[in-house]
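This report refers to the structure that appears directly beneath it.
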Amino acid sequence: MPTVAVSQIKLGEKLGDDVLTKLGNVLFYKGKILHQRELEILKAFLIPSVNIESKQANEPEPALVETKSKETVTEPPFYTEYQNMVKLLKRVFQLADGGQPLPIMDIRKGIEALLQHIDSYKVLTFTPKNRNLHEYIYHKSILVGLTSYSLARWAGLPQKDLVQIALAGLLHDIGTSKVDRAILEKKGALTAAESEEMKQHTLLGYQILKNVSGINEGVKLAAIQHHEREDGSGYPLGVKSDKIHVYAKIVAIADIYNAMTNERAYKPALSPYVVLEQLFDESFGKVDPAFVQVFMNKATQISTGTLVKLSDNRVGEIIFSDRSHPTRPWVNVNGTIVNLTVERQLYIQDVIN
């Protein structure tokens, strides 16, 4: 099989051997089809050349294209159920806006179908496919539902609560169905009047859900309380920690995390690692610190050898995670060890692999 310089690789060619990093970790496995993203990673790791699988004499040239097509056509069940949920939520928000009954059984079946594949949802790295900003509220609702479920499970809440907590996350922003779309998608800062109207979504959400059967009181309270804060500085009622339902405490963390890590009409997405650190810094007095600690520890449990991009655009691999600083592992960048607990000006921008 021919050895080809990385600069000479043609898109769509297939690796003939595993590609290893300088530390001996597998960067790509034999048989991997090389697209632009893979070439960029090879260059970032200063890989000079790779072995390319030879074509058989009788192998037609389009075979690579056929292989690529097969690789991209098959969609995992998680993504199928996710898209089904986006479609369902659009209908649900329209019904809520019109004051019509919500199809709660369809909603429950949809979230349960999605939760069957929860292991495919990685809080730190998942990005919805084919998302546009006009659908932001639907995607964020689903992500908050999945994140709330994951956090509740990590925190050891009873099994009977898990689906209800997922529903609480899914429906926490249902009140925005009655908020002016121009306010939801405004690119600049809201005026005082617009901000007050936006805050009404918590009360509106509770009004929509209060008489719905099939969901428990925690789901309904999460709609009105997910912007309340531990020290009483939240809205709409300014209640303190002991008056905030546990579902709302969990949904609040999931809501903040997903709002900040996803692009919005008026604000770009932030690094998940930066958001986790901000959540931790603000947890004492604002959101439940015990749940934040669980969230940080569990969400950042990615394996040694994982490829990441730093905030200065360098690419490296995680070689050590200090659990006392879960968002700041040690990263090997072409033989140079970057200890993020020391080099505080840097942070992980993206998880690549």
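Being modelled with pLDDT under 55 and either surrounded by 11 or more Cβ atoms within 10 Å (Cβ to Cβ) or of a type in the set (Val, Ile, Thr) (or both): is that true of Thr80 here? In short, no.
Listed by position, the helices (runs of 4 or more DSSP H) enclosed by the range 155-225 that each have at least 1 residues that are under 20 Å from Ile111 (Cα atoms) and among the β-branched types (Val, Ile, Thr) are 159-171, 201-209, 217-225. The residues in the range 1-56 that are part of a helix (DSSP H, G or I) and either open to solvent by 30 Å² or more (accessible area, probe 1.4 Å) or small (Gly, Ala, Ser) (or both) can be counted, and the count is 7. The residue that is modelled with the lowest pLDDT, counting only those in the range 300-353 that are open to solvent by 50 Å² or more (accessible area, probe 1.4 Å), in a loop (DSSP other than H, G, I, E, B) and among the basic types (Lys, Arg), is Arg323. Evaluating Arg153 against the criteria (1) of a type in the set (D, E, K, R); (2) open to solvent by less than 30 Å² (accessible area, probe 1.4 Å); (3) free of Cβ contacts under 8 Å to residues at least 12 places away in the same chain leaves one unmet condition, (2). Restricting the first member to the range 327-347 and to residues that are in contact (Cβ under 8 Å) with a residue 12 or more places away in the chain and farther than 17 Å from Ser271 by Cα, and the second to residues that are charged (D, E, K, R) and open to solvent by 50 Å² or more (accessible area, probe 1.4 Å), the beta-carbon pairs closer than 6 Å and six or more apart or on different chains are Val333/Arg314; Gly335/Lys22. Scanning the range 179-188 for any residue that is more than 21 Å from Lys267 (Cα to Cα), under 23 Å from the mean Cα position of the chain (by Cα) and not small (Gly, Ala, Ser) turns up nothing.
Okay, residues lined up against (1) closer than 30 Å to Leu34 by Cβ; (2) open to solvent by less than 20 Å² (accessible area, probe 1.4 Å); (3) without any contact (Cβ under 8 Å) to a residue 40 or more places away in the chain:
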| site | (1), (2), (3) |
| --- | --- |
| Glu75 | yes, no, yes |
| Gly98 | no, no, yes |
| Leu102 | no, no, no |
| Ala113 | no, no, yes |
| Leu124 | yes, yes, no |
| His139 | no, yes, no |
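Taking the range 277-299 as the search range and keeping residues that are among the polar types (S, T, N, Q) and over 28 Å from Glu135 (Cα atoms), which one is surrounded by the most Cβ atoms within 10 Å (Cβ to Cβ)? Per the stated criteria, the residue is Ser283. Of the residues making up the range 226-269, those that are within 16 Å of Pro289 (Cα to Cα), aliphatic (A, V, I, L, M) and not in a loop (DSSP other than H, G, I, E, B) number 8.
A search for C-beta distances below 6 Å between a residue of the range 11-22 that is more than 18 Å from Gln36 (Cα to Cα) and any residue that is of a type in the set (S, T, N, Q) and surrounded by fewer than 18 Cβ atoms within 10 Å (Cβ to Cβ), counting only pairs 6+ apart in sequence or on different chains, returns Asp17/Asn51.
Within the range 217-276, the set of residues being out of contact with any helix residue (DSSP H, G or I) (no Cβ under 9 Å at 6 or more places or on another chain) and either within 25 Å of Gly188 (Cα to Cα) or open to solvent by less than 10 Å² (accessible area, probe 1.4 Å) (or both) comprises Ser233, Tyr266, Pro268, Tyr273.
The values are calculated or read from the model by the stated rules, or taken from the named source; none is laboratory data. These numbers were taken from a predicted model, which means no experiment stands behind them. Every residue, glycine as well, gets a Cβ built from its backbone with ideal geometry; the counts of neighbours run over all protein chains shown. When the accessible area is computed, the model is the full protein with side chains, heavy atoms only, and any ligands, DNA or RNA have been set aside. Shrake-Rupley method; radii C 1.70, N 1.55, O 1.52, S 1.80 Å.
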